[in-house]
Amino acid sequence: MKSMRKASRQKDSEWALEVFDRAPFVVVSMIRPDGTPYGLPLSLVRKNSETFYFHCAAEGEKMDCLLSNPVVSLSAVSKCSPKFEEEKNNFTEYYNSAIAIGTADIVNDDEEKIEALRLICQRFLPKYMSHFDAAIDRSLGITTVIRIKLTEPPVGKSKP
């Protein structure tokens, strides 16, 4: 019975990761230094089952939050279809969603930064990869890359 539950959780985690992959953006929620919540939609990319990346400026509210408390929550919706079901006289919504908890830190290794930026560009602008190396040459030193390592398996929900 335990192995069936573990297999089910693993399948659920894999499904949740697919939701993150299909979502146009992921809301990253964090805590401001004063303890208030702060969440914003970001263009994340996933490297593997536990590592996500995004890039940002070296200064600003995101960085203040992450330097104060690196724990983050990720949430994504890859399908959202409101519907009126006439036969039931019912309003409903069909969706696929996922959440995950992780820890964020700044990537300092240039090779990892380049790998993360390549993954981001391949996900969001794949037809422009011929310009990638020139962009790296111009901006690697001024671009901040954040790595999020999941601290527990992601979970998802769906109403098909």
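Only the coordinates and a few stated rules stand behind these numbers; no lab work does. Fair warning: this is a prediction, and the values are worked out from it, not measured in the lab. Neighbour counts run over all protein chains shown; Cβ positions are idealised from the backbone, glycine included.
Key figures for this structure:
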| item | result |
| --- | --- |
| Computed lengthening from LYS149 to PHE91, 0.36 nm per intervening residue step minus Cα-Cα distance | 17.1 nm |
| Contact order relative to length of the chain, as percent, for alpha carbon pairs under 8 angstrom and 6 or more apart | 30 percent |
| Kirkwood hydrodynamic radius over Cα pairs of the chain, then Stokes diffusion coefficient at 4 °C and 1.567 mPa s, in µm²/s | 75 µm²/s |
| Computed [θ] at 222 nm, deg cm²/dmol, the chain (DSSP H ≥ 4; -39,500 (n - 2.57); rounded to nearest 500) | -10500 deg cm²/dmol |
| R0 of 30 Å, Cβ-Cβ distance LYS79-SER130: FRET efficiency to nearest 0.05 | 0.40 |
| Sequence of THR151, THR143 once ranked by neighbouring C-beta atoms within 10 Å, starting from the fewest | THR151, THR143 |
| Residue-span extension gain [ILE101 to ARG22] - 0.36 nm each, minus C-alpha spacing | 26.6 nm |
| Out-of-range pairs (alpha-carbon distance over 24 Å; input LYS47/LYS79; LYS113/LYS157; LYS88/LYS159; LYS47/LYS127; LYS83/LYS157) | LYS113/LYS157 |
| Backbone N under 16 Å from the GLN122 label point (7 Å along Cα→Cβ), restricted to the range 13-37 | 21-22 |
| Ranked CYS65, CYS121, CYS80, CYS56, criterion: other C-beta atoms within 10 Å, fewest first | CYS80, CYS56, CYS121, CYS65 |
| Farthest toward positive dipole pole in the range 32-142 [+1 Lys/Arg, -1 Asp/Glu at C-beta], among SER68, PHE124, ASN108 | PHE124 |
